[in-house]
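Peer 1: My questions will all concern the structure given below.
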2 protein chains.
Amino acid sequence: MNKDDAWQILEACRRRIDELDLRILELLNERTRVVEEIGRAKRVLDLPIYEPRREDEVYANVTSHNGGPLPADAVKRVFERIIDEMRTVQKLRMQEPLKESKGQGGVER
Amino acid sequence: MNKDDAWQILEACRRRIDELDLRILELLNERTRVVEEIGRAKRVLDLPIYEPRREDEVYANVTSHNGGPLPADAVKRVFERIIDEMRTVQKLRMQEPLKESKGQGGVER
């Protein structure tokens, strides 16, 4: 790889990163909508937000399916952050007054 | 939403989360492969791994495109974790002996 090639590769890779990030962002927001729906269901069922056994299942799902190159411990830390942020969203959702859900992500978005 | 509905919604939402997580995982690994390629290009160009201006661009890309419901500050924290983990991968990559890259993610995977 000469320097001209390296500059071109660098630029192309950065554009690719920006595209991938927007796809990740879209999935994070879709995941958040599902978590909001879970918050509504849990409120009806009077279940706690934090369910350690379910969180272990979530980590097991991603680490057991991880083919790399991102190492398993790094995958776990990224998902810890994702779960932590979404737990905060779920808490806010559960503090809101109960109203009829129209299902599928609700009326509030 | 009655309790039976709520249980069904909860179960369906959890299956959906598991599917979404595997798609996020796939994109994270694809992003890691691109970051590895960036590491190789930077080594040829003798550029540092940490480039704060480029990282600001990455955050600006995701926060400016965020339609929610995940709040912008939560999006930023998730991407801080992603970038931090991938910087570690990039560092390891740059410590390896130089060899010919076959491009597109390299030969080492």
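Peer 1: How would you classify the stretch B:22-79 from its alpha-carbon gyration tensor, with a ≥ b ≥ c the square roots of the eigenvalues: rounded for a/c under 1.5, else prolate if a/b is greater than b/c, otherwise oblate? Provide the component values of the computation, followed by the final result.
Peer 2: Values: a/c = 3.41, a/b = 1.55, b/c = 2.20.
It is oblate, given that a/c is not under 1.5 and a/b is not larger than b/c.
Peer 1: Between A:Ala60 and A:Trp7, what is the label-point separation in nm under the 7 Å Cα-to-beta-carbon projection?
Peer 2: 5.3
Peer 1: For the rotation bringing B onto A, which B residue has its Cβ nearest the axis, and at how many Å?
Peer 2: Chain B residue with minimal Cβ-axis distance: B:Arg81, 2.
Peer 1: Inter-copy label distances at A:Pro97, 7 Å along the Cα→beta-carbon direction, one decimal in nm, shortest first?
Peer 2: 7.1
Peer 1: Each label point is 7 Å from the Cα along the Cα-to-Cβ direction; what then is the distance between the points at B:Leu22 and A:Arg23, in nm?
Peer 2: 1.6
Peer 1: Quick check: the distance between the Cα centres of the stretch A:34-68 and the stretch B:18-53, to the nearest angstrom?
Peer 2: Computed from Cα coordinates, the inter-centre distance equals 27 Å.
Peer 1: Quick one: what do you get for the protein assembly as shown if you divide its Cα Rg by 2.2 N^0.38 Å?
Peer 2: Working it through for the protein assembly as shown, the quotient is 1.15.
Peer 1: Under the rule of -39500 (n - 2.57) per DSSP H run of 4 or more residues, summed and divided by the residues of the protein assembly as shown, what mean residue ellipticity at 222 nm is obtained, to the nearest 500 deg cm²/dmol?
Peer 2: -26000 deg cm²/dmol
Peer 1: Nothing charged except the Cβ atoms of Lys and Arg (+1) and of Asp and Glu (-1): what's the magnitude of the dipole of the protein assembly as shown about its Cα centre? Round to the nearest 20 debye. It would help to have the intermediate numbers written out before the result.
Peer 2: On the way: 42 positive and 44 negative charges, 13 e Å.
Using Cβ point charges on Lys, Arg, Asp and Glu, the protein assembly as shown gives about 60 debye.
Peer 1: Something else now. Can you quote the Å³ per residue value for the convex hull of the Cα atoms in the stretch B:1-105, rounded to an integer?
Peer 2: Once divided by residue count, the hull of the stretch B:1-105 is 127 Å³.
Peer 1: Relative contact order of chain B, please, whole-number percent, based on alpha carbon pairs below 8 angstrom and at least 6 residues apart.
Peer 2: 39
Values in this text are rule-based calculations from the coordinates and carry no lab data. Quantities reported herein were computed from a predicted structural model and do not represent experimental measurements. Heads up, the Cβs are rebuilt from the backbone with ideal geometry, glycines too, and the neighbour counts pull from every protein chain shown.
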